[in-house]
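Trainee: For reference, the structure I am asking about is given below.
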Amino acid sequence: MWQKRWVQWRLVLIALVLFGIAACVLLVRQGSLAASFWFTVADAIVINLWICWGLWCWRTHPWVQWAAALVISCDVVAIVAWLCLGNGSVVGAISVWGIWVMAAGFILGLATIRLIISPGIALLAVARTLIHEAIRMKVALIFIVALMLIVPVLPLVLDAEKRLAYRVETFLVWSLTSVSVLMSLLTIFLACGSICNEIGRKQIFMTMTKPISRGQYLVGKWLGLVLLNALLLAIAGAGVWVFASVLEKGQSQDEQDRAEVQRHLLVAREVRTPVPAESGGLAMRFQQKLEKLRAMEPILYAEPLNNRLHSEIRVAVMEKWYSLNPFETEIYKFTGLSSAKRLADEVQLRLKPKSSRFQPDRLVRMQMHVNNIPVDLPPLAQDTAHVIPISKTMIDKNGSMQVALTYQDPDNPNATFPATVSFPLDDGITMLYHVGSFEANLLRTLVVLWIRLSFLTTLALATGSFLGFPTACLISLMVYFTAGASGFLHESLEWYANFNYQRLDAFGKVGWVIDNFVGKLGEGEVWEAIKIVIRLVGSSFMLLIPSFSDYNPVPLVSSGRSVPYEMIGRAALWVGIVWTGVVALIGYWIFSRRELARVMV
């Protein structure tokens, strides 16, 4: 009897949907847009009431609970989105729907993963248990909810008065950084909590007495968390792509501003930095600078030159090369542009000038020649990045291009402002060209982040296998934050305590450190001796962890630069295989020798 009523209920539902669509189309063709809107609203209300009545009739069936939750949540979201539209907030309505879609996608993806790992294999059973724990643990659930909220809500807090390019870049930086941090913390707390709770509550006794090895147990935990991370990254990545597109298409009436986003941000561009036009130009300038300094202070700049002084001279030479005095000309050569000549429509010269003195109109006026051909260069705002398109026909047969910049007002040379114009060393003068799409670039970014999360999963499981939950989390967090700031910490250690032993072998370096430590203590310079110890301890610890700063794709994708496949390969090799493998072997070796359960006969 219930099957007959079920068929009748479905037929009525289909009839209501088809009738509503047909009537809406008919009214739209007749030009009655208002009538079409209100009829659609009325039909949607009737359909929802009919669905709710059906769910009430078959409320005893298990699937009805999920269907009811889906319908009720969808209705609530539709009402909230309608209220947002009534207040003129289109982005708010899209954000509300984005939260619901991401949450629904997570639930659907979770069900799919459970289905994939459902076969009765011991390793898959452990992975399935960890996924169940991820939903039950309050800490993990908080991070998952935060992840579902951060991407859709972030566009609402951006200042609508700012330029569209600034808002899109800010959204990409903060959303991807937040996703990376939240998922890293989720991975550490969930992995440590899962294995530590089972050991602490002695639940692992029952698991280890079953036909499952300790290696399978650890691999099962790792597999479950890796699959969960892949699902969350896929959902977050899809959300970032959707909302970046929403910001780009609906948040600016300025076509030039929107075109800048499409050409410079939501793309994948290769970056080339300049080299001197003359061979060995910088090396010659470096040697000339060193000779001048050595003539003034021969003891300080004597051979062998330590790293800090060498770095100071190199930076000074680069800063001089990247700066122009009035009427001065510098030539910057860009090489490796053969692929740009073949693939791109144009190349883009990016300039970010900075004047030593504020000019009255805050504009820098310069002249530019590309391969000795004059090119119009508009006035450039100070401390602002400007992109000048250049035809790819200017690239020679060797794939190179020479850009000569002269600090001279092209309209009135005698009115050239008396100041020094400089460019930042990292991105002041660069050449960019398109090599791919934003979607592919974002996908490569997510792959690198997933590899990093796989290492953190292994690390947290390894520490949790023999330490308590607080200690395991503390060590994992310390490694994570140190790996993330490894570039900064390494440079800070070099400047904090510089070791002048570049030309010594390994044994010579050890002897140099011992002699200097003992010598500092003998001279009463205790703090200098402590600095040597701090440098050694810090450098040794840095050698024991991977450098996440070398595998950080977020600054690249957020500025429209291509995430290279070479970064993915290096991350997969060193982080995904070498470091993950070493930590996994150490964790398994300790865990396999720990007494957890004993079969009593």
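The values are calculated or read from the model by the stated rules, or taken from the named source; none is laboratory data. Please read these numbers as outputs of a predicted model, since none were measured by experiment. When we count neighbours, we look across all protein chains shown, and the Cβ atoms used for this are built from the backbone with ideal geometry, even at glycine.
Trainee: Check Ser549, Ser540 and return the single one that is closer than 30 Å to Ala268 by Cα, surrounded by fewer than 16 Cβ atoms within 10 Å (Cβ to Cβ) and at pLDDT below 85. Talk me through it step by step, then tell me what you get.
Mentor: On the way: Ser540 fails: closer than 30 Å to Ala268 by Cα.
Just one listed residue meets the conditions, Ser549.
Trainee: Could you check segment 146-175 and list, in sequence order, the residues that are outside any loop (DSSP other than H, G, I, E, B), aliphatic (A, V, I, L, M) and closer than 19 Å to Gln262 by Cα?
Mentor: Initial filter on segment 146-175 (outside any loop (DSSP other than H, G, I, E, B)): 146-157, 164-175.
Adding the requirement that they be aliphatic (A, V, I, L, M) leaves 146-151, 153-154, 156-157, 164-165, 168, 172-173.
Scanning segment 146-175 gives Leu164, Ala165, Val168, Leu172, Val173.
Trainee: Additional query: Applying the selection to segment 455-480, what residues are touching a Ser or Thr at 6+ places or on another chain (Cβ under 7 Å) and surrounded by fewer than 22 Cβ atoms within 10 Å (Cβ to Cβ)?
Mentor: Ile475
Trainee: Moving to a separate point now. Any chance segment 331-344 includes a residue that's free of Cβ contacts under 8 Å to residues at least 60 places away in the same chain and basic (Lys, Arg)?
Mentor: Yes; the residues of segment 331-344 include at least one that is free of Cβ contacts under 8 Å to residues at least 60 places away in the same chain and basic (Lys, Arg).
Trainee: If you don't mind, another one. When you scan segment 266-380 for strands (runs of 3 or more DSSP E) that lie fully inside it, which ones turn up with 1 or more residues that are of a type in the set (S, T, N, Q)?
Mentor: The qualifying strands (runs of 3 or more DSSP E) are 329-334, 346-351, 367-370.
Trainee: Now a separate question. What's the total number of residues in segment 313-332 that are surrounded by fewer than 15 Cβ atoms within 10 Å (Cβ to Cβ), farther than 20 Å from Pro274 by Cβ and of a type outside the set (Phe, Trp, Tyr)?
Mentor: 0
Condition check ((1) free of Cβ contacts under 8 Å to residues at least 24 places away in the same chain; (2) touching a Gly at 6+ places or on another chain (Cβ under 8 Å); (3) within 23 Å of Ser559 (Cβ to Cβ)) across all residues:
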position	(1), (2), (3)
Glu319	no, no, yes
Leu324	no, no, no
Leu349	no, no, yes
Asn371	no, no, no
Val375	yes, no, no
Asp396	no, no, no
Gln408	no, no, no
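Trainee: Moving on. Condition test on Gly436, is it over 15 Å from Leu556 (Cβ atoms) and surrounded by fewer than 21 Cβ atoms within 10 Å (Cβ to Cβ)?
Mentor: In short, no.
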